[in-house]
1. Assess whether A:S212 counts as being more than 19 Å from A:L44 (Cβ to Cβ), polar (S, T, N, Q) and in contact with a helix residue (DSSP H, G or I) (Cβ under 8 Å, 6 or more places away or on another chain).
2. Run B:I358 past the list (1) aliphatic (A, V, I, L, M); (2) within 11 Å of another protein chain (Cβ to nearest Cβ); (3) touching a helix residue (DSSP H, G or I) at 6+ places or on another chain (Cβ under 6 Å); (4) within 30 Å of B:R278 (Cβ to Cβ) and report the number of the one that doesn't hold.
3. Can you go through A:T145, A:T124 and tell me which one is more than 16 Å from A:S48 (Cβ to Cβ), touching a strand residue (DSSP E or B) at 6+ places or on another chain (Cβ under 9 Å) and not charged (D, E, K, R)?
4. Taking B:R185 and the conditions (1) surrounded by fewer than 21 Cβ atoms within 10 Å (Cβ to Cβ); (2) in a loop (DSSP other than H, G, I, E, B), which numbered condition does it fall short on, given that it satisfies the others?
5. Which residues, counting only those in segment B:212-237, are within 22 Å of B:K48 (Cβ to Cβ), within 20 Å of the chain's Cα centre (by Cα) and of a type in the set (V, I, T)?
6. When residues of segment B:13-22 are filtered for being surrounded by 15 or more Cβ atoms within 10 Å (Cβ to Cβ) and within 13 Å of B:D216 (Cβ to Cβ), how many remain?
7. Determine, yes or no, whether B:E38 is in contact (Cβ under 8 Å) with a residue 24 or more places away in the chain, in the same structural domain as B:I184 (by TED's automatic domain parsing) and in a loop (DSSP other than H, G, I, E, B).
8. Of these, B:I253, B:I263, B:I327, B:I275, which one is facing another protein chain (nearest Cβ under 10 Å), among the β-branched types (V, I, T) and more than 25 Å from the chain's Cα centre (by Cα)?
Amino acid sequence: MENKKSFSAIFSEYFIFVIFIALVIVLAIMKPSFISPKNLANILKQASINGILAFGMMFVIISGGFDMSVGSTVAFTGILAALLGKGQYPLVVPLIVALIGGLAVGIVNGVGIAIGDLPPFIMTLGTMTAVRGLALLISNGKPVTGVSEGYRAVAAGSIAGIPSLAIFLIVVIIICSFVATKTVYGRRVYACGGNIQAARVAGINTTLIRISTFAIAGLLAGLSGFLMTSRVTIGQPTAAESYEMDAITACVVGGVSMSGGVGKPWGVIIGTLLITVIANGLDILGVSSHWQKIVKGLIIVLAVLMDVKGKSRKD
Amino acid sequence: MEYILEMKNISKTFPGVKALNGVELKVKPGEVHALMGENGAGKSTLMKILMGIYTMDDGGEILFNGQPYHVHNPKEAMDTGVAMIHQELNPILDMTVYENIFVGREIRKNGIVDKRAEIEEAKKLIADSGLHVSPTETLRHLTVAQCQLIEIIKAISVNAKVIVMDEPTAAITDREVELLFGHIRKLKAQGVAIIYISHRMDEIFAICDSVTVYRDGTYIGCGTTKELDEAALIKMMVGREITDVFPKLDAQIGEVMFEAKHITRADGKVKDVSISVRKGEILGIGGLVGAGRSELVEGIFGMHRLSGGEVYVKGRKVRTRTPSDMIKEGVALVTEDRKVTGLNLRGTVNDNISMVAIRKALVNGLYSQGKARKLSQEYIEKLKIKTPSGDQIVNNLSGGNQQKIVIAKWLLNDPDVIIMDEPTRGIDVGAKRDIYLLIGSLVQQGKAVILISSEIPELMGVCDRIAVMAEGHLSGEITRENFSQETIMTLASDIAV
């Protein structure tokens, strides 16, 4: 037990933040164009969909779960939005349908896990596969084209130089951070992940909490699907492959513990930005995408290693 | 050579805290040596140094068999002849008995595990120990006591000269304790030295030959159990006289506050049990481990399905489907195992204290960290919880302080009926006394308390009335003027009526 947090403890807590700042400085020195307003806007744009998914994933992981199905859900809801977004309905229709589609997948996951008592990995592996099939089914396995001008403009536009995609992300961040830290519900998600049995004895409806975290992840996957179709201007049934992994990476790198109960929203923000900055920076430096994957893998392992080491030193 | 193990001038410094300050421990072959002290006294730290998990500070010396002893991990310690049986056993539940005995030092033939030889050897070891299990049984199907004996068998099979037992009786029944003591005596006769860590005084005097006491990381003294008595030991551990081990405060007993009638659990672990407790009264529930005491209160509290029975709070019938039903009626349950059902170990003290009554930490409907901190600070002071701050992670606190946090989280909700399941298990004398005083002040405030305990002296010291359970049913009830150890024991062993 320590009375005061030592320098090393503080360092390990904010380690990922330090790494992020250092990386930005190094990239800015190597390529001044990295910090041009255009590129910064670009980074925000690139980070937005992964960021939205990561915040859904954050709730699931903090409550002690795990969701493999969000990538497939993005593709599925993206197709739904594309089919309804050809100009035949007002834009709000594809949006609502995409959200409902995502929510439905999330609830199915949550019910299977919290009531059916299936391990999260197995349940969401199942929905990941089945929902991908669903996306292929409703699109006949072909890209859905003909997305209306108005729908395309959603992702293409910007307000005061900030890409509209990034605005969606910022709104999601604000709402999710607020819910996680300021509401009774948020505290209960942490309690469930910390010790589900103790939470139950304390009168918390743990079944409902767990279902709801998967529902949030699904809902945000639906939003991502809607935005993704607008961004790429077609509905691709094979899109968003392995997006769940990027979302998990952002959480883990940002200090969300895979065993549940621990994690802060600002960590997830940094995690998301870090991944995007690595990809963007290496792109600017002209490093091949093959190397980018290797670097990303190393970052994940190193970040968690530092995290684990930092914690064991504290005990 | 008089001692098998000599640890001299051992210190251990962690960042910001000195856990051990030049302590010593000298153990003779063939003796059972108790290592005592309150939580945080440094016992576990010393044992971790002995097992090679921690490295001691410079200047200390360890001699084993008269030779300098340097190990870097538990395996090296075992190879040298020192084995440890941990408080929380960690057997591999899905592996068989023989696999558990030989895990990490498998018998090999041509580089391949020789399963047949392992089973043969395990069979011999099991037979020697008087245990009746098959070597090919999986551990999941054994009782905690049997798993513990397997650990002991493992220690014997590596030819350990010194075996450390950390709270070996924390999870086993009285009958099994006798069995364990039988094994300890056998080991003694073979010249094996045992370092015995326990908070239970009766055990220390029943099985140990000598005692070493630490307090706050310093060496206080060493003596034989013949020359020391309980009072002297407590004084050494606490640093002051505790004249009254079970303080009982006077309280006004009023009308019936809580009544459970004909409680029967769907899984048959509790059969037709009725209890009631009055305002200002402390009702004890006694019985052997496995008698269904925890099962009874967990059933009442909505953690398990009931197939029959009714619960009345202040004369009104209430629903018992989920814990939140009971919490709404002002009932609290301090569960038996704080690590499993009591605490969010990864959360802070503030998180845990505000877990039940989180609505009290709201400002304009939103969770306020400042308010939660203030509320928990109040209880940290009230219950004398020793923690650097409310932001400390609960896992880093000692058992007694963790227990107080579980109690604090319920008290914050201001309950009328408080059920406590083994609230003093595994915590030190000083913290126990704090909890007895707290229970006393609760009933003085007009609350009703139900106290489950396996320690009969504790029940007799604190309660106004004791209900005794055996094999899932109620075998009798005794009022304070008729309390006697014999009556309670007789009722507790009242098998099959």
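1. yes
2. (4) is the only condition that B:I358 fails.
3. Of A:T145, A:T124, the one residue that is more than 16 Å from A:S48 (Cβ to Cβ), touching a strand residue (DSSP E or B) at 6+ places or on another chain (Cβ under 9 Å) and not charged (D, E, K, R) is A:T145.
4. For B:R185, the exception is condition (2).
5. Passing the criteria: only B:V213.
6. 5
7. It is true that B:E38 is in contact (Cβ under 8 Å) with a residue 24 or more places away in the chain, in the same structural domain as B:I184 (by TED's automatic domain parsing) and in a loop (DSSP other than H, G, I, E, B).
8. The match here is B:I327.
The values are calculated or read from the model by the stated rules, or taken from the named source; none is laboratory data. Not measured: the values here are computed from a predicted model. Don't worry about glycine lacking a Cβ; one is built from the backbone with ideal geometry, like all the others, and counts go over all protein chains shown.
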